[in-house]
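Here the structure is laid out as structure tokens; the discussion comes afterwards.
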Amino acid sequence: MSNIFKTGLLLAVLTAMLVVIGGAIGGQQGMFVAFVLALAMNFFSYWFSDKMVLAMYGAKPIEESQNPALHALIRRLATRAQIPMPRVYMIAGDTPNAFATGRNPEHAAVAVTEGILRILDQDELEGVLAHELSHVKNRDVLISTIAATLAGAITYLAHMAQWAAIFGGRRDDDEEGSSPIALIAMAIIAPIAAMLVQMAVSRAREFQADATGAHLAGRTWGLSKALEKLQIAQQVAPMNANPATAHLFIVNPLSGRAFMNLFSTHPPLEERIARLRAMRV
């Protein structure tokens, strides 16, 4: 199953969950209210998340005169990907990592840590940056925003289910209402299911970015070797990152925390490396 098809299927599952839960709790009106509220929250996130996440990590813009080699590498990859040159930022810190953000290719930014520039050679860094520009090219920020909108609406409906259960599961469009026990079960299970599907969407996009990035760089071993180094570094010194932004980074910045690994937005690095090694570019 291709990653693109898998992403579409997972988004369809989230949509179906929204329709079913909304209909069970408040009919079309309840579903519509929840969706509008989630859409409003994620609309703000979509337009301003790049500025927010860059500020969160104290990222500073890097001018071409400050690091001409880094700019030249990103510009070459952006040209191959047929996207505009993104803004370039640096994050202070020894933990090696990188991420891309921006609502579309015309408003994209790539941020790298000081640590990643120190431990990766040119080919490995090219693989990492090709992966990040692939997220921009594939418009993964838009896809993740849609997934977040649907998951947010489902979570909101779950809270509505709790209140509906308290008042006997009564609905406006019928007299029987839904079972309070069923509503309570839905309130518990629905947010967890939505979170798991949302994480699956994120993991599918990581696999897709690995594949696109390998073709963009013209080789697979640069990224695979980089991931091996980053895996060791994250286990030794995990990044002090906000879990809400963990999905943006090329490797999970929360690695090393056993509980967080259960709910990781990233596929296992061993699987990503194995897939890259099996690819032919």
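The values are calculated or read from the model by the stated rules, or taken from the named source; none is laboratory data. Computed from a predicted structure; not experimentally measured. FYI the Cβ positions are ideal-geometry reconstructions off the backbone, even for glycines, and counts take in every protein chain you see.
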**Item:** The listed residue being of a type outside the set (Ser, Thr, Tyr), under 25 Å from Tyr89 (Cα atoms), outside any helix (DSSP H, G or I) and modelled with pLDDT of 80 or more, out of Ala241, Ala226
**Value:** Ala241
**Prompt:** Only one residue in Val110, Val141, Val128, Val136 is closer than 19 Å to Ala81 by Cα, of a type in the set (Val, Ile, Thr) and over 15 Å from the mean Cα position of the chain (by Cα), so which one is that?
**Reply:** Val128
**Request:** Kindly list the number of the only condition in (1) crowded, with 18+ Cβ neighbours inside 10 Å; (2) assigned to a helix (DSSP H, G or I); (3) at pLDDT 90 or above that fails for Ala194.
**Result:** (3)
**Fill in**
Of the residues in region 51-81, those that are surrounded by fewer than 18 Cβ atoms within 10 Å (Cβ to Cβ), touching a residue at least 12 places away in the same chain (Cβ under 8 Å) and closer than 20 Å to Gly218 by Cβ come to His71, Leu73, Arg80
**Message:** Between Ser45, Ser2, which is exposed (fewer than 12 other Cβ atoms within 10 Å of the Cβ) and either at pLDDT 75 or above or among the hydroxyl-bearing types (Ser, Thr, Tyr) (or both)?
**Reply:** Ser2
**Prompt:** In the list Ala130, Ala204, which residue meets the criterion of being modelled with pLDDT under 95 and small (Gly, Ala, Ser)?
**Reply:** Ala204
**Prompt:** Residues of region 136-160 being surrounded by 20 or more Cβ atoms within 10 Å (Cβ to Cβ) and among the charged types (D, E, K, R), which ones?
**Reply:** Lys137, Asp140
**Item:** Condition met for Phe32 (more than 17 Å from the chain's Cα centre (by Cα), over 30 Å from Glu228 (Cβ atoms) and modelled with pLDDT under 95)
**Value:** yes
